[in-house]
Amino acid sequence: MDQSDAFRVLASADRQYLFHELVERGGASTVDTLSRQISVRRHRTSPEKVTDAEIDRTRVRLIHIHLPQLLERDIVDVDWTDGEIRFTEDADIDLLLDAAAELKQWPPEPRIDRVHACRP
């Protein structure tokens with residue numbers, strides 16, 4: 001992976017959150033845990049207040065968009081039987097961390113979705 005590819009990986013806020021959560025958890029977590037944590041950050045709420053619908057939408061994005069991109073780049077391995085996600089042995093974590101350090105904000109701050117921002 002080169003630096004341009006590292007920036008492509010980090011181009012999505014959800015992938016930034018996923019990468020940050022994996023780094024914070026020693027390189028391994030589960031789809032369920034990451035879905036909840038990313039939802040909390042994305043919607044600027046607490047773990048107690050995040051809704052099941054928000055978590056489900058995040059899980060769908062992880063499974064169908066973000067994890068396939070990370071699998072294709074050999075950054076993570078996923079055991080679909082138990083939902084475990086871990087960095088691969090060959091993952092260039094240092095390159096991703098260097099690219100992340102060049103971003104304006106790292107770790108990423110939660111963002112407010114338009115739908116969420118319109119709620120009373």
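We did not get these values from a lab; they are worked out from the coordinates using the rules stated. All values derive from a computational prediction rather than experimental measurement. As a convention, Cβ positions derive from the backbone with ideal geometry for all residues, glycine included, and neighbour counts pool all protein chains shown.
Put a dot 7 Å past the Cα of Gln3, heading toward its Cβ, do the same for Asp32, and the two dots end up 4.2 nm apart.
Per residue, the convex hull spanned by the Cα atoms of the chain measures out at 108 cubic angstrom.
Charges were assigned to the Cβ only: +1 to each Lys and Arg, -1 to each Asp and Glu. The resulting dipole of the chain about its Cα centre is roughly 940 debye.
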